[in-house]
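Chemist: This is the structure I have questions about; it appears just below.
The values are calculated or read from the model by the stated rules, or taken from the named source; none is laboratory data. It should be emphasised that the depicted structure is a prediction, and the values quoted were computed from it without experimental measurement. Neighbour counts are summed over all protein chains in view; Cβ atoms, including those assigned to glycine, are modelled from backbone coordinates with ideal geometry. These accessible areas exclude ligands, DNA and RNA; they are computed on the full protein's heavy atoms, side chains included. Shrake-Rupley method; radii C 1.70, N 1.55, O 1.52, S 1.80 Å.
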Amino acid sequence: MCTHLGCPVGLYEQQLELLVCPCHQSMFNVRNGAVPQFGPAPRPLPQLALYFDANGNLRAQAPYDQALGPGFFERNTTKIDGI
């Protein structure tokens, strides 16, 4: 999910080794933490550390390292004035 507006990042540019968001053409470096190399995306793609368990199942080691989606989805979870 693109960190610009939340579009699916589903394209891969093989020669450049970049993931591409087809909506606004943000490009993310897959060899360097999915850092944006081009386009309006403000931050890297969230990372999910994976591993294979003893039974060969693919599992997550921990939650994503940052919020999913665009920056405006990130909200302060502290209650304000009882809300």
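Chemist: Count, please, the residues in the stretch 26-43 that happen to be open to solvent by less than 90 Å² (accessible area, probe 1.4 Å), assigned to a loop (DSSP other than H, G, I, E, B) and not β-branched (Val, Ile, Thr). So that I can check it myself, show each step before the final result.
Modeler: Step one: filter the stretch 26-43 for residues open to solvent by less than 90 Å² (accessible area, probe 1.4 Å), giving 26-30, 32-36, 39-41, 43.
Adding the requirement that they be assigned to a loop (DSSP other than H, G, I, E, B) leaves 26, 30, 32-34, 39-41, 43.
Now restrict to residues that are not β-branched (Val, Ile, Thr): 26, 32-34, 39-41, 43.
So the count comes out to 8.
Chemist: Take the conditions in a strand (DSSP E or B), basic (Lys, Arg) and either at pLDDT 90 or above or in contact with a Ser or Thr (Cβ under 6 Å, 6 or more places away or on another chain) (or both) and apply them to Arg59. Does it pass?
Modeler: Values: in a strand (DSSP E or B): yes; basic (Lys, Arg): yes; either at pLDDT 90 or above or in contact with a Ser or Thr (Cβ under 6 Å, 6 or more places away or on another chain) (or both): yes.
Judged against the criteria, Arg59 is a match.
Chemist: Of everything in the stretch 6-18, what is closer than 19 Å to Gln66 by Cβ and either more than 12 Å from the chain's Cα centre (by Cα) or open to solvent by 50 Å² or more (accessible area, probe 1.4 Å) (or both)? Give them in sequence order.
Modeler: Keep residues of the stretch 6-18 that are closer than 19 Å to Gln66 by Cβ, which gives 6-9.
The answer is Pro8, and nothing else.
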